[in-house]
Amino acid sequence: MKDLKKLYYNLCMTSLLRGVLKKPVFCRFAELCLAESKTDKINAYGAFVYEIYNSGLSLTDLVFRYVFEDENAYVKAMAKGVAPDENVKAALSRELAVFEDIAALTPMDFCELVGEEYLSPFTSSRRPLEVEYLARIYDISRHGYGVFASYPMFRLNDERELVPIVSADKTRICDFVGYREERCRIIRNTEAFLEGKPAANALLCGDAGTGKSSTVKAVVNEFFDRGLRLIELRKDQLCYLPYVMGRISENPLKFIIFIDDLSFNQNDDSFSMLKAALEGSASARAENSVIYATSNRRHIIKESFGDRDGDDVHRNDTMQEILSLSERFGLVVLFQRPSKNLYLEIVHELAARFGIEQTEELDTRAEAFALRRGSRSPRCAEQFIKSLL
């Protein structure tokens, strides 16, 4: 049985990994060790186990995840290729041993403090934390660190914080039907990016419902284990591109800056910021990033006939500036509305996946469904199959 008070004192001495102590499960552990009355101890233990249940993990997995996600002086130095100070190395080894002991606690270790009749069960095991931690650091370009270590996709919130998209799209490349050549071009470009070869910023344009956004997210899911992450920005957040690039510039991972459903008005302030990033401006581009955008428009700037008849003295120069934004993407992939044959191929594949019998009636109903929706598309095919289910 562990000496919980001693473990708590050892945690209090944590300095290098002190950020881990801010996590709720450690706050509840501290409250439990400091509780005086029996009621307070029972209440604190319940709150401690609640945090384990709430994470959906074992205590061991939860502690390990928090340690792996921590941004500290050791991991930042290693990410830059700089040898950490010997004192920092010693602190890391000592503190990892403490967290390993915490991660291995069992409900029975709390028996003396709480009472056996009040022990809620949870799972845990003994694992070599230092061995696993150093293995991840050795392969840091694949695993990353901080919050980027555990999640594939992120967004910028209103407080300018990069936060994980917990319910991110789980689509994989193998889930798609059709558009093989279009997706292969995106995959080849992404693989070149991950291998450190020249890679292009990419614009996926074309008809709605053809899978442009899903393709980008599926690529990220496919290459997560190779160190690829996605940061999604809204168009109105493009002014924060320099901030985002600065935030990720020293990270060993590779990032896709994703802008979905992109279009601009002629006088849009965000236009110049995206243009600078696409042209490789030092302040708006990080070496470990590429920009992938989707748009239903081949030419991203919304333009009217009145714009062409304006009073600009150098009208032709202005028009070329407006229309050339899409040309600044090194890779432009067009997702066109599917033919009838491709549409039915998608319907048949989805039907097979869900055990729906493929008949002539199925084709007739699928065509009728598309006509009611106004056009054929992979999204329309998926909605049709779901309507049958």
Do the conditions hold for I385, that is, is it open to solvent by less than 40 Å² (accessible area, probe 1.4 Å), of a type outside the set (D, E, K, R), in contact with a Gly (Cβ under 9 Å, 6 or more places away or on another chain) and at pLDDT 85 or above? no
I'm checking my understanding of the structure. Among residues of region 117-136 that are open to solvent by 70 Å² or more (accessible area, probe 1.4 Å) and touching a helix residue (DSSP H, G or I) at 6+ places or on another chain (Cβ under 6 Å), which one is nearest to T106 (Cα to Cα)? P121
Selection within region 28-59 - in contact with a Leu (Cβ under 9 Å, 6 or more places away or on another chain), at pLDDT 95 or above and within 23 Å of Y151 (Cβ to Cβ): E51, I52, L59
Of all residues in region 165-186, which are in contact with a helix residue (DSSP H, G or I) (Cβ under 6 Å, 6 or more places away or on another chain) and free of Cβ contacts under 8 Å to residues at least 40 places away in the same chain? R183
Between residues in region 66-77 that are touching a residue at least 40 places away in the same chain (Cβ under 8 Å) and more than 14 Å from S93 (Cα to Cα) and residues that are open to solvent by less than 20 Å² (accessible area, probe 1.4 Å) and among the β-branched types (V, I, T), which pairs lie under 8 Å by C-beta distance while being six or more apart or on different chains? Y66/V20; Y66/V25; D70/V20
Give S141, S150, S124, S120 a once-over and let me know the one that is of a type in the set (S, T, N, Q), within 22 Å of L253 (Cβ to Cβ) and more than 14 Å from the chain's Cα centre (by Cα). S141
Could you list, ordered by first residue, the pairs with Cβ atoms under 6 Å in which the first is in region 232-260 and of a type in the set (S, T, N, Q) and the second is part of a strand (DSSP E or B) and open to solvent by less than 50 Å² (accessible area, probe 1.4 Å), at least 6 apart or interchain? Q237/L156
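To keep it simple, each residue is scored yes or no on (1) part of a helix (DSSP H, G or I); (2) under 23 Å from the mean Cα position of the chain (by Cα); (3) closer than 21 Å to P128 by Cβ.
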site: K41; (1), (2), (3): yes, no, no
site: F48; (1), (2), (3): yes, no, no
site: R65; (1), (2), (3): yes, yes, yes
site: R94; (1), (2), (3): yes, no, yes
site: V98; (1), (2), (3): yes, no, yes
Quick one: would you say V166 is within 9 Å of the chain's Cα centre (by Cα) and surrounded by fewer than 17 Cβ atoms within 10 Å (Cβ to Cβ)? yes
So M153 fits all but one of (1) farther than 16 Å from L233 by Cα; (2) touching a helix residue (DSSP H, G or I) at 6+ places or on another chain (Cβ under 8 Å); (3) of a type outside the set (D, E); what number is the exception? (1)
Could you tell me which of the residues R160, R229 is of a type in the set (D, E, K, R) and surrounded by fewer than 19 Cβ atoms within 10 Å (Cβ to Cβ)? R160
What pairs can you find where one residue is in region 1-17 and under 14 Å from F48 (Cβ atoms), the other is open to solvent by 70 Å² or more (accessible area, probe 1.4 Å), and their Cβ atoms are less than 8 Å apart, with a gap of 6+ or different chains? Y8/L34
Residues that are open to solvent by 20 Å² or more (accessible area, probe 1.4 Å), among the aliphatic types (A, V, I, L, M), at pLDDT below 90 and not in a helix (DSSP H, G or I): does region 282-292 have at least one? yes
Being closer than 15 Å to V290 by Cα, at pLDDT 90 or above, surrounded by fewer than 23 Cβ atoms within 10 Å (Cβ to Cβ) and among the basic types (K, R) narrows it down to one of R183, R188, so name that one. R188
Counting only residues that are assigned to a loop (DSSP other than H, G, I, E, B) and over 18 Å from the mean Cα position of the chain (by Cα), region 169-213 contains a total of 16
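The values are calculated or read from the model by the stated rules, or taken from the named source; none is laboratory data. These numbers come from a predicted model, not from an experiment. All Cβ positions, glycine included, derive from the backbone under ideal geometry; neighbour counts span all protein chains shown. For accessibility, only protein heavy atoms count, side chains too; no ligands or nucleic acids. Shrake-Rupley method; radii C 1.70, N 1.55, O 1.52, S 1.80 Å.
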